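The values are calculated or read from the model by the stated rules, or taken from the named source; none is laboratory data. On a predicted model such as this, the values are computed, not experimentally measured, just so you know. Neighbour counts run over all protein chains shown; Cβ positions are idealised from the backbone, glycine included.
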Amino acid sequence: MEKGTRMLLNRYRNQTDTHSTKKVCDFIEHQLDSFGGVSGYHSGLLDILRLKDEKLYELLFREYERQQMSLQLLAAENQCSRSVLAVLGSVLQNKTAEGFAGNRWHGGCEIVDEIESLAIERAKQLFGAKYANVQPHSGSTANHIVYKAILKAQDTILSLGCHCGGHPSHGGCGSATQSMFKIETYGVERDGFAFDYDKIREKALTVRPKLILCGASAYTHTIDFARFRAIADEVGAYLLADVSHITSLIIAEVHPSPIDLAHITTTSTYKAGGPRGGLILLGKDYQMSVDGQKTLAEAINAATFPGIQGTPYFSNIAAKAVFFAEAMTNHYKHRQVKVVENAKRLAEALLRRGLDVLGRGTDNHLMLVDVSGFKANLNGNIAQKALENCRIVIDSYRLGYENPDEPVRGIRLGTPIVTSRGMGTKQMDQAAELIVQALEELQINSNDSWQMDKSAQINISNAITDICEAFPMS
């Protein structure tokens with residue numbers, strides 16, 4: 001790295017006659033000789049943390065140990081690369097620069113302008129988009145930016161209900177969206193837990209929304225974006241596709257892309273294996289007019305800043321750029337194919353062992369399981385806590401047909417993390433066997449009280465240790 005830095009310094013020296021520039025180059029080279037330069041500034045960060053804040057260092061170590069030694073079957077998490085981690089803990093954290101590349105409210109932005117432009121170009125190339133906004137701090141923030149860009153207060157949004165797998169930012173669960181707009185919802189069918197597009201169309205024709213939102217936090221089937229766009233066009237609505245959960249599958253072409261079908265596509269970047277953050281993408285509709293004034297792209301820029309956010313997080317934007325480059329590789333795309341293969345295998349294995357997997361399987365990275373019929377008084381919350389005591393990490397999840405006054409009946413499982421660690425179908429069979437063993441060992445006293453034989457818990461936990469040690473985080 002230092003060799004490359006010295007080459008850059010020599011190039012700048014040769015390309016300029018400015019005395020001050022040469023002095024800066026001399027100073028940087030002195031830093032390289034004396035302190036390691038950029039490497040010196042960034043090196044030993046964890047050692048410094050250990051010396052300065054031993055308590056926080058201990059907590060960081062414990063979290064690393066938890067992730068390393070747990071079977072993490074979470075649908076909404078993934079594992080980023082060490083390159084992404086390196087950029088997140090970089091000197092970019094020091095920079096403030098509100099606005100967009102070439103039009104900032106602060107000085108000293110030449111380099112961060114290049115970084116943001118690089119992230120944008122890589123995102124456009126990766127997704128085949130005409131426009132990319134890499135500034136949103138999260139997927140939810142990306143959605144709120146879109147709402148500000150195209151909606152007025154109390155406009156109607158038609159979205160998947162929270163109780164059927166929708167996300168709070170789509171308008172439910174007490175979110176800010178719910179207080180600012182009129183929310184109408186569609187659901188899933190009890191038989192198969194899938195969308196009925198004819199019913200969604202009927203609802204849209206009745207409520208005449210300004211925005212139709214498709215995408216989910218817990219939907220196991222392929223989404224037909226073309227059907228959603230046809231419905232949106234028929235009622236004169238915008239279509240927003242929030243693909244946070246299936247972004248990696250879209251990149252790998254194991255799920256259809258909405259880029260040129262939806263007016264707007266949003267996603268979080270961490271679920272796909274990148275850094276925390278959000279992303280807004282536009283396809284062929286990027287120049288369409290919004291209220292006869294701005295183009296869609298211009299409206300989203302204005303809604304981002306000064307509309308919703310202040311300064312971008314340049315460490316995260318740089319990390320997004322790193323991730324977008326990683327996601328273009330065949331290695332990344334092949335891994336997403338494996339994510340789906342593992343999810344299908346895990347779902348099949350759970351079905352064979354007597355668990356009620358909704359829809360009888362999955363088309364993507366996640367599955368929903370109704371555990372209430374597996375054992376008397378078993379519910380999703382007990383299942384989550386009991387499995388986590390054995391170091392199997394999943395989510396409890398309320399299913400669309402449940403009575404909200406009763407305990408949660410479902411759990412949600414996903415395969416992105418275990419696949420990132422190199423696990424395959426054999427380990428999915430083992431995971432299913434261990435999950436069922438743990439649930440069979442439960443003695444349930446009430447809706448929130450349970451016991452498990454200590455020796456059984458230790459045996460299952462030891463088996464998890466063997467799997468995790470064979471497939472370490474890397």
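A few points about this structure:
Per-residue answers, yes or no, for (1) acidic (Asp, Glu); (2) closer than 19 Å to His221 by Cβ:
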{"residue": "Asp363", "(1), (2)": "yes, yes"}
{"residue": "Leu366", "(1), (2)": "no, yes"}
{"residue": "Gly373", "(1), (2)": "no, no"}
{"residue": "Leu378", "(1), (2)": "no, no"}
{"residue": "Gln384", "(1), (2)": "no, no"}
{"residue": "Asn389", "(1), (2)": "no, no"}
{"residue": "Ile394", "(1), (2)": "no, no"}
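- No other residue among Leu49, Leu71 is surrounded by 11 or more Cβ atoms within 10 Å (Cβ to Cβ) and in contact with a strand residue (DSSP E or B) (Cβ under 6 Å, 6 or more places away or on another chain) apart from Leu71.
- Close pairs (9 angstrom Cβ cut-off, 6 or more residues apart or separate chains): under 12 Å from Phe324 (Cβ atoms) in the stretch 114-140, of a type in the set (Asp, Glu) and assigned to a helix (DSSP H, G or I) anywhere: Ala132/Glu121; Val134/Glu116
- Failed criterion for Asn103 (all others in (1) touching a residue at least 60 places away in the same chain (Cβ under 8 Å); (2) within 23 Å of Leu281 (Cβ to Cβ) hold): (1)
- Qualifying position, being outside any loop (DSSP other than H, G, I, E, B), of a type in the set (D, E, K, R) and buried (at least 17 other Cβ atoms within 10 Å of the Cβ), among Glu202, Glu184: Glu184
- The residue that is surrounded by the fewest Cβ atoms within 10 Å (Cβ to Cβ), counting only those in the stretch 251-295 that are of a type in the set (D, E, K, R) and under 29 Å from Ser83 (Cβ atoms), is Glu253.
- Residues being touching a His at 6+ places or on another chain (Cβ under 7 Å) and either outside the structural domain of Leu126 (by TED's automatic domain parsing) or closer than 25 Å to Ser420 by Cβ (or both) - total across the stretch 270-323: 4
To keep it simple, each residue is scored yes or no on (1) out of contact with any Ser or Thr (no Cβ under 6 Å at 6 or more places or on another chain); (2) within 26 Å of Asp196 (Cα to Cα); (3) without any contact (Cβ under 8 Å) to a residue 40 or more places away in the chain.
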{"position": "Ala318", "(1), (2), (3)": "yes, no, no"}
{"position": "Phe323", "(1), (2), (3)": "yes, no, no"}
{"position": "Val339", "(1), (2), (3)": "no, no, no"}
{"position": "Glu348", "(1), (2), (3)": "yes, yes, yes"}
{"position": "Gly359", "(1), (2), (3)": "no, yes, no"}
{"position": "His365", "(1), (2), (3)": "no, yes, no"}
{"position": "Val371", "(1), (2), (3)": "yes, yes, no"}
{"position": "Gln384", "(1), (2), (3)": "no, no, yes"}
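- Count of residues meeting criterion [buried (at least 18 other Cβ atoms within 10 Å of the Cβ) and either in a helix (DSSP H, G or I) or of a type in the set (Val, Ile, Thr) (or both)] in the stretch 74-87: 2
- Residue check for His137: in contact with a strand residue (DSSP E or B) (Cβ under 7 Å, 6 or more places away or on another chain), assigned to a loop (DSSP other than H, G, I, E, B) and of a type outside the set (D, E, K, R): yes
- Test: residue in the stretch 96-111 that is crowded, with 16+ Cβ neighbours inside 10 Å, aromatic (Phe, Trp, Tyr) and closer than 30 Å to Cys214 by Cβ: yes
- Long-range neighbours under 6 Å by Cβ, at least six apart or interchain, first residue modelled with pLDDT under 90 within the stretch 397-426, second part of a strand (DSSP E or B) and not acidic (Asp, Glu): Leu399/Gly410
Quick grid of which residues meet (1) in contact with a Gly (Cβ under 9 Å, 6 or more places away or on another chain); (2) at pLDDT below 95; (3) under 30 Å from Ile111 (Cβ atoms):
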position: Leu49; (1), (2), (3): no, yes, yes
position: Asp53; (1), (2), (3): no, yes, yes
position: Leu59; (1), (2), (3): no, no, no
position: Arg66; (1), (2), (3): no, no, no
position: Leu71; (1), (2), (3): no, no, no
position: Ala75; (1), (2), (3): yes, no, no
position: Cys80; (1), (2), (3): yes, no, yes
position: Val84; (1), (2), (3): yes, no, yes
position: Ser90; (1), (2), (3): no, yes, yes
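- Restricted to the stretch 356-474, the set of strands (runs of 3 or more DSSP E) holding at least 1 residues that are outside the structural domain of Pro168 (by TED's automatic domain parsing), touching a helix residue (DSSP H, G or I) at 6+ places or on another chain (Cβ under 8 Å) and more than 18 Å from Leu73 (Cα to Cα) comprises 442-446, 449-452.
- Qualifying residue in the stretch 206-216 (condition: crowded, with 16+ Cβ neighbours inside 10 Å, part of a loop (DSSP other than H, G, I, E, B) and at pLDDT 95 or above): yes
- Of everything in the stretch 157-169 that is part of a strand (DSSP E or B) and within 20 Å of Phe193 (Cβ to Cβ), the residue that is farthest from the chain's Cα centre (by Cα) is Leu158.
- Pairs with Cβ under 7 Å, 6+ apart, first in the stretch 45-74 and more than 27 Å from Ser461 (Cα to Cα), second not in a helix (DSSP H, G or I): Leu45/Gly89
- Any hit, the stretch 142-156, residues being over 21 Å from Pro275 (Cα atoms), modelled with pLDDT of 95 or more and in a strand (DSSP E or B): yes
- Qualifying residue in the stretch 189-198 (condition: part of a helix (DSSP H, G or I) and modelled with pLDDT of 95 or more): yes
- Qualifying positions in the stretch 170-187 - under 19 Å from the mean Cα position of the chain (by Cα) and touching a residue at least 60 places away in the same chain (Cβ under 8 Å): His170
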